[in-house]
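Trainee: Structure in structure tokens, see below.
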Amino acid sequence: MGLRSSTCMAGIVLVLALIFASEMSTVNAGFIVGDNMHWTFGYNYTDWAIKNAPFHVNDTLVFMYDPPTNVTHPHSVYLMNNLRSYQACNLNKSRMVGNVIQGGGSGFEFVFKKRKPHYFACGERNGIHCTIGLMKFVITPRRPCRG
């Protein structure tokens, strides 16, 4: 192998290493729910979850939303008990994981700890944000990535 060939191979290895490092840093940074739209009324979070899949155990979701003011509606984040509650936007027996002020600033994080369905929904306005505002989505994380 000549000098030119080994230089080319070294360049390819360097590019692959940079791509791998970039992907690993993305995994650790977390997923901002809704991307630049954040957690807001009227955005389709089911589509967002599909576009960002797959998710894995130990992945982090970051929920960001404006704290309530005279011009913004309050939002919260609930973890629903099961599929039936999720489909009906029934908040009974659901667990609040983020109240109306926790999403402000840099938001709050939710880390997947188990491989089971996680049903997320906004609990404000007695579930109206969930039922007509599309503020709900489900994620079933896969096994953790091993590097």
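Trainee: At least 2 residues that are open to solvent by less than 20 Å² (accessible area, probe 1.4 Å) in each: list the strands (runs of 3 or more DSSP E) lying fully within segment 55-147 that qualify.
Mentor: Working: elements: 60-63, 77-80, 95-98, 108-111, 118-121, 136-139.
It comes to 60-63, 77-80, 118-121, 136-139.
Trainee: Continuing with the same structure: Output yes when any residue across segment 14-32 is modelled with pLDDT under 95, assigned to a loop (DSSP other than H, G, I, E, B) and open to solvent by 60 Å² or more (accessible area, probe 1.4 Å), and no when none is.
Mentor: No - not one qualifying residue is present in segment 14-32.
Trainee: Across segment 69-113, what is the number of residues that are free of Cβ contacts under 8 Å to residues at least 24 places away in the same chain and in contact with a helix residue (DSSP H, G or I) (Cβ under 8 Å, 6 or more places away or on another chain)?
Mentor: So the count comes out to 2.
The values are calculated or read from the model by the stated rules, or taken from the named source; none is laboratory data. Here the structure is a predicted model, which means the values were calculated and not measured. For neighbour counting, all protein chains shown are included, and Cβ atoms are generated from backbone atoms with ideal geometry for every residue, glycine included. Ligands, DNA and RNA are stripped out before the accessible areas are found, and what is left, the full protein with its side chains, is counted by its heavy atoms. Shrake-Rupley method; radii C 1.70, N 1.55, O 1.52, S 1.80 Å.
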